[in-house]
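The structure appears right after this line, and notes come after that.
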Amino acid sequence: MARITLERVGHRYGHAPYALEPFDMVLEDGRSYALLGPSGCGKTTMLNIISGVVRPSEGRILLDDRDVTVVPISGRNVAQVFQFPVIYQSKSVYENLAFPLRCRRWPIARIKARVAEIADLLDLSGRLGKPAWQLTVDEKQLISLGRGLVRDDVAALLMDEPLTVIDPQMKFQLRRKLKAVSQKARHTVIYVTHDQNEAMTFADEILVMSAGKVVQRGTPQELFERPRTTYVGYFIGSPSMNVFDAEIGAGGVMIGGTPIAPGGALPSGLPTSGLRVGIRPEYASLAQPEDSDTLAATVVGVQDHGSVRIVEVAIGTARARLKLGRDIAPPSAQARIRLRRDKLCLFVDDHLIAAGI
Amino acid sequence: MPLHLENLSLARNGVRYLDRVDATFRRGRLTTVIGRTLAGKTTLLRTLAGLQAPDSGDLKLDGVSIASVPVWKRDVAMVYQQFINYPHLSVLENVAFPLLRRGLKAPEAQLRAEATLAKVGLSGFAARRPSQLSGGQQQRVALARALAREAPILLLDEPLVNLDYKLREQLREEFRGLFAEETKAIVVYTTTEPAEAMMLGDEIVVMHEGRILQVGTPVDVFERPASTAVAEIVNDPPMNILPGAVVDGRIALGSYRLALPAHLSRLAAADYRFGLRATDLHVDPASEIAGSLVFAEISGSETFLHVETAFGPLALQIEGIHDIALGTQVPIGFSTERLFAFAADGALVVAP
């Protein structure tokens, strides 16, 4: 396992604009990372640069202290799992798992022990003798995963949307396995996905990518509580973060003339324009009669999701959503809304400058 | 007048895809069919469309059997999981094509196609090819093609399953608006997701292993699931089902004895299966019931904790994103007032 260092790495395909803008990044040994973003955001380019499939047009890449910028994929000692199972159909499950070790001329006894260990992790022990073609697509993908994990000497395990082919019902099982396996094996894992839930469930840290840039790197909790931009606030969490235009007045931060956190500690030198306030639907609630500093809202719609109801409201010209438990009766027309001030995010030009006021 | 399904059955290679299915779908209503993979949802839609003939049973539209009417005469529009469009046609042509085939004049077909593209938010994309669109846009094209037909029966087979969750969230809301305008068609929409079934359906049909387990309004089905199987299917994470009993006027769960709450006070002494929604469990440091965290899963803005306890695995749903190490002992609290009681055979006895 290795630490991966990217120094001013950037990439453009031919003369096209940057697919990946130059950036610095250190990925620590033994941690799991998700590269998360919509298609075209540069996440696969980044993965391919790390694996050696793509040589970056700028910058250096190091595995621990070794510069591998010009080293092709075969010399980098990384294992990969792709969207679709890549296995030998005619070989048995055992032979599929053993193959990467045989290539490295491991002694037979050691291969046996290691394959048994991996098969046990993935619940494949009972199927080792089966030819791979007899397995379901989920099981085949498990073998792909097993082949990635079986070598204990790889620098990193790279996964590109490995659950794409998996039936939604099975995804839960596989995610669980993947998580357990990566925690146990302490591999450096880099996992590419466009699925927020998958990224947040799986990774220690997430790199949120958009238009060729890493817009935020952080733990799932950090992304949720302190999104660095309004985009991350939108992209992470469901429903998205509510964002209001705000102004600074005598009452501190105000929305439509109503102070929402009077006397709060504000960063100095706030600009007079471009100020916005974000609040997660979970942290906005119906006000109690005794609450002060509440916002007047008009209920626009109620969505019944079962365990919760999402109440859409208009506050001035802005729209917002609240998440109410099923035990709370949704208001019919008018309501007063309270925002948890310790959870307010203050943005200037869509960049976070304070969380909690 | 409605579409009736009468005692439909269909089996292949010993697997029952439809097992004595009776159902009624009404005009101007959207019915969501919820069930896990292989519950028979797709087979049901394919049978409605005429793509698959049932082994037995009948389908009646306005009282007239359509079981032997072939697919091309049924006038059914369908949207699939995969984004199916004609790759060589523009977006506009994709939507207009079935209209032309049905004999509409070109200018009229174009007008209607343009209007429908506007409805699904694709006005600016009429000249593009489907391959130049994102997944969400491609699925909107497929939807527009189905809507433009103004067919009396519109079938949607898990249309959002292949999109990422931000898009699913957005399209679900758009669908609500679009289908609200659909006052004449019978709309049947399949999904595996409880929230989607709840928010879109005027009515929910719950399917499992080829059978219809329950039909009702979303609120009915959610608040009074007819059986443990329904309770598991319409909740995400599935409702926790705990084997227990009422003994000496108390609830027995494993080695724990709990006072009977008011709504269960008339339960006779017997074995029961008690149901608890994941949202009705919480982390409670004062609780003596605890278990080891085996998996934490993030869903949108919630964390599902899967905990192994003395009475089996339990799922808790907590608000927000939390990072709790696997193996942590999680103390679990709940109110007995939230307990569902199901009979030993799974049938609902009392809902809270």
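The values are calculated or read from the model by the stated rules, or taken from the named source; none is laboratory data. Computed from a predicted model, the values in this text were never measured in an experiment. Cβ placement follows ideal geometry from the backbone for every residue including glycine, while neighbour counts extend to all protein chains displayed. These area figures cover heavy atoms from the full protein model, side chains too; ligands, DNA and RNA do not enter into them. Shrake-Rupley method; radii C 1.70, N 1.55, O 1.52, S 1.80 Å.
Under the simplified labelling scheme, the A:LYS91-B:ARG266 pair shows an inter-label distance of 6.7 nm, with each label point 7 Å from Cα along Cα→Cβ.
Any of A:LYS323/B:LYS119; A:LYS140/A:LYS171; B:LYS73/B:LYS119; A:LYS91/A:LYS112; A:LYS130/A:LYS177 with alpha carbons more than 23 Å apart? Name them for me. Don't skip to the end; give the middle numbers.
Values: A:LYS323/B:LYS119 28 Å; A:LYS140/A:LYS171 14 Å; B:LYS73/B:LYS119 27 Å; A:LYS91/A:LYS112 16 Å; A:LYS130/A:LYS177 21 Å.
Too far apart for the 23 Å limit: A:LYS323/B:LYS119; B:LYS73/B:LYS119.
Taking every DSSP bridge with both residues inside chain A, close to 75 percent are antiparallel. Under a Gaussian network description of chain A, with springs only between Cα atoms under 10 Å, the residue in A:ALA113, A:ALA287, A:ALA203 that fluctuates furthest is A:ALA113. If a spin label sat at a point 7 angstrom from the Cα of B:SER292 along the line to its beta carbon, the backbone N atoms of segment B:308-352 nearer than 11 Å would be those of B:308-309, B:327-329.
Return the FRET efficiency for the residue pair A:LEU270, A:ALA211: r is the Cβ-Cβ distance, R0 is 30 Å, and the value is rounded to the nearest 0.05.
Values: r = 27 Å, r/R0 = 0.91.
The calculated FRET efficiency here is 0.65.
Here the Gaussian network model covers chain B, with springs between Cα atoms less than 10 Å apart; of B:PRO218, B:PRO159, B:PRO98, B:PRO98 fluctuates the most.
What number comes out for the charge environment of A:ILE87, summing +1 per Lys or Arg and -1 per Asp or Glu over other residues with Cβ under 14 Å away? Please report the intermediate quantities before stating the final value.
Numbers: positive: A:LYS91, A:ARG127, A:LYS130, A:LYS140, A:ARG147; negative: A:GLU95, A:ASP138, A:GLU139.
Overall, the nearby charge balance is +2.
Over chain A, what percent of the accessible surface lies on carbon and sulfur atoms, probe 1.4 Å?
Details: 7640 of 15050 Å².
On chain A, the fraction of accessible area on carbon and sulfur atoms equals 51 percent.
A crude spin-label estimate for the pair A:ARG226 and B:ALA180, with each label 7 Å from Cα along the Cβ direction, gives 4.0 nm. Backbone N atoms of segment A:267-306 closer than 17 Å to the 7 Å Cα→Cβ label point of B:GLU223 belong to residues A:302-306. Along the axis of the charge dipole computed for the protein assembly as shown (Cβ charges of +1 for Lys and Arg, -1 for Asp and Glu, origin at the Cα centre), the listed residues A:LEU207, B:GLN137, B:ALA226 are led at the positive end by B:GLN137. Whole-percent P(r), segment A:203-357, all Cα pairs, 5 Å bins from 0: 2, 9, 18, 21, 19, 15, 10, 5, 1, 0. Charge dipole of the protein assembly as shown (Cα centre as origin; +1 on each Lys and Arg Cβ, -1 on each Asp and Glu Cβ, all else neutral): 1860 debye, rounded to the nearest 20. Kirkwood analysis of the Cα pair distances in segment A:106-174 returns a hydrodynamic radius of 13.1 Å. The mean number of partner chain beta-carbon atoms within 10 angstrom of a residue's beta-carbon across peptide A:319-326 is 2.
Shown are A:MET1, A:MET46, B:MET78, whose ranking by accessible area with a 1.4 Å probe and every protein chain present, most to least, is A:MET1, B:MET78, A:MET46. Once R0 is set to 45 Å, what does the formula 1/(1 + (r/R0)^6) return for the Cβ-Cβ distance between A:LYS184 and B:ALA351, expressed as a FRET efficiency to the nearest 0.05? After rounding to 0.05, the efficiency reads 0.65.
In the protein assembly as shown, what percentage of the DSSP-assigned beta bridges are antiparallel, given to the nearest 5?
Working: 118 of 154 bridges.
The answer is about 75 percent antiparallel.
Using the scaling law 2.2 N^0.38 Å as the reference, what is the normalised Cα Rg of segment B:23-80?
Values: Rg = 11.7 Å, N = 58, 2.2 N^0.38 = 10.3 Å.
Output field value: 1.14.
For segment B:3-224, the extents of the C-alpha atoms along the principal axes are 46, 38, 34 Å, listed from largest to smallest.
For the set A:HIS351, B:HIS322, solvent exposure ranked by accessible area (probe 1.4 Å, protein chains only) runs largest to smallest as A:HIS351, B:HIS322. Taking A:VAL277, A:VAL86, A:VAL150 in turn, the Gaussian network model of chain A (Cα-Cα springs below 10 Å) assigns the largest fluctuation to A:VAL86.
Taking only the alpha carbons of segment A:1-115, we obtain Rg and Dmax values of 16.9, 52 Å in that order.
How many times 2.2 N^0.38 Å is the alpha carbon radius of gyration of segment B:240-350?
Working: Rg = 14.4 Å, N = 111, 2.2 N^0.38 = 13.2 Å.
That ratio works out to 1.10.
Segment A:121-169 and segment B:142-198 have Cα centres spaced 34 Å apart.
Relative contact order, whole percent, for chain A stands at 16, derived from Cα pairs under 8 Å and 6 or more residues apart. DSSP bridge analysis restricted to segment B:3-224 gives an antiparallel fraction near 50%, rounded to the nearest 5. Considering only A:ASN242, A:ALA287, A:VAL308, whose Cα is most displaced toward the positive end of the charge dipole of segment A:232-355, charges sitting on Cβ of Lys, Arg (+1) and Asp, Glu (-1)? Result: A:VAL308, furthest along the dipole toward the positive end.
Take the accessible area of B alone and of A alone, subtract that of the pair with a 1.4 Å probe, and the total buried over both chains is about 3200 Å².
Applying 1/(1 + (r/R0)^6) with R0 = 45 Å to the Cβ-Cβ distance of A:ASP204 and B:ALA106 gives a FRET efficiency near 0.20. Rounded to the nearest 20 debye, the dipole size of chain B about its Cα centre is 1440 debye, using +1 on the Cβ of Lys and Arg and -1 on the Cβ of Asp and Glu. Here the protein assembly as shown was treated as a single set of alpha-carbon atoms; its pair distances binned every 20 Å from 0 give 15, 45, 36, 5, 0 percent. The mean count of C-beta atoms from other chains within 10 Å of the C-beta of residues in B:31-39, rounded to a whole number, is 1. Taking label positions 7 Å along the Cα-Cβ direction at both B:GLU150 and B:ALA325, the computed distance is 6.5 nm, reported to one decimal. Can you pull the percent of Cα pairs in chain A with separation above 39 Å? In whole percent, the long-distance tail amounts to 31. Full extension of the segment from A:LEU62 to A:MET25, taken as 0.36 nm per residue of separation minus the current Cα-Cα distance, would add 12.3 nm.
State to the nearest 20 debye the size of the charge dipole of segment B:86-198 about its Cα centre, where the only charges are +1 on K and R beta carbons and -1 on D and E beta carbons. List each step's numbers first, then the result.
Details: 15 positive and 14 negative charges, 94 e Å.
The calculation lands at about 460 debye.
With a 1.4 Å probe and all protein chains kept in place, how do A:HIS187, B:HIS282, B:HIS4 rank by accessible area, largest first? All intermediate terms of the calculation are to be shown ahead of the outcome.
Working: A:HIS187 10, B:HIS282 85, B:HIS4 65 Å².
Correct descending sequence by accessible area is B:HIS282, B:HIS4, A:HIS187.
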